[in-house]
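All remarks here apply to the structure that follows.
The values are calculated or read from the model by the stated rules, or taken from the named source; none is laboratory data. Just so you know, these numbers come straight off a predicted model, no measurement behind them. Because the Cβ atoms are built from the backbone with ideal geometry, glycine has one as well, and the counts that use them run over all protein chains shown. For the accessible areas, the whole protein counts, side chains as well, though only heavy atoms, and no ligand, DNA or RNA atoms are used. Shrake-Rupley method; radii C 1.70, N 1.55, O 1.52, S 1.80 Å.
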Amino acid sequence: MSAFTLLGFGPGGWGGALLVAAGTTLALALCGFLVGAVLGGVAAAAKLSGLAPLRLVADGYTTLLRGVPDLLVIYLMYFGGSAALGRLAGLFGATGFVGVPAFGVGVAALGIISGAYQAEVFRGAYLALERGQIEAARAVGMHRGLMLRRVVA
């Protein structure tokens, strides 16, 4: 049997399964990126805020998650999430293994990882603006969120 037969869409080929896997991977990456953009935007706003506790939490989030291998975060969320749900279910009298949806955990894990990187990108984009643009936005009464949307974006 040749490699072309295995990759084909016929009865002995894996082409259909590989096509479904590629589509699932693209959906997972897109959803994870979107979750990461939201988390990254929130973390970037926290890093740029005047409140020290928010900056500290956002700095910890970005430093920790950019320093830990991505696969470790995914494994911890999948297996740790299952264990945590099992313990939580045990409080209500349930026994046995509690599975977590793999796609949802994958989106959450990729979103959390991606958000740590995107926070630094968004923060860097905001800080790269010329001082005059920010002063002009403040002069017309824009608050930070509005400046982020209208000037930075």
> Do you know which residues across the range 8-38 are open to solvent by 100 Å² or more (accessible area, probe 1.4 Å) and either assigned to a loop (DSSP other than H, G, I, E, B) or over 30 Å from Gln118 (Cα atoms) (or both)?
Replying inline: Phe9, Pro11, Trp14
> Being touching an Asp or Glu at 6+ places or on another chain (Cβ under 7 Å) and not small (Gly, Ala, Ser), is that true of even one residue in the range 67-75?
Replying inline: no
>> I'm trying to understand the selection: among the residues of the range 59-74, which are exposed (fewer than 14 other Cβ atoms within 10 Å of the Cβ) and of a type in the set (S, T, N, Q)?
In response: Thr63
>> Among the listed residues Val20, Val35, identify the single one that is touching a residue at least 12 places away in the same chain (Cβ under 8 Å) and β-branched (Val, Ile, Thr).
In response: Val35
> With respect to the numbered conditions (1) crowded, with 16+ Cβ neighbours inside 10 Å; (2) not in a helix (DSSP H, G or I), which one is the sole condition not fulfilled by Gly41?
Replying inline: (2)
>> For the range 59-99, give me each residue that is in contact with a Gly (Cβ under 7 Å, 6 or more places away or on another chain) and in a loop (DSSP other than H, G, I, E, B).
In response: Phe97, Val98
>> Considering only residues that are under 21 Å from the mean Cα position of the chain (by Cα) and open to solvent by less than 50 Å² (accessible area, probe 1.4 Å), which ones fall in the range 75-100?
In response: Gly80, Gly81, Ser82, Val100
>> Of everything in the range 56-114, what is closer than 15 Å to Gly36 by Cβ and either of a type in the set (Lys, Arg) or in contact (Cβ under 8 Å) with a residue 60 or more places away in the chain (or both)? Give them in sequence order.
In response: Ala58, Arg66, Gly106, Val107, Ala108, Ala109, Leu110, Gly111, Ile112, Ile113, Ser114
>> Of the conditions (1) over 22 Å from Leu127 (Cα atoms); (2) open to solvent by 80 Å² or more (accessible area, probe 1.4 Å), Ala109 satisfies every one except a single condition; which number is it?
In response: (2)
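How many residues, within the range 68-82, are among the hydroxyl-bearing types (Ser, Thr, Tyr) and either touching a helix residue (DSSP H, G or I) at 6+ places or on another chain (Cβ under 7 Å) or closer than 12 Å to Leu110 by Cα (or both)? Full working, then the answer.
Residues of the range 68-82 among the hydroxyl-bearing types (Ser, Thr, Tyr): 75, 78, 82.
Filter once more, keeping what is either touching a helix residue (DSSP H, G or I) at 6+ places or on another chain (Cβ under 7 Å) or closer than 12 Å to Leu110 by Cα (or both): 75, 78.
Matching residues across the range 68-82 total 2.
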> What are the residue pairs meeting all of these: first residue in the range 115-139, first residue hydroxyl-bearing (Ser, Thr, Tyr), second residue open to solvent by 90 Å² or more (accessible area, probe 1.4 Å) and in a helix (DSSP H, G or I), Cβ atoms under 8 Å, and 6 or more apart or on different chains?
Replying inline: Tyr117/Arg66
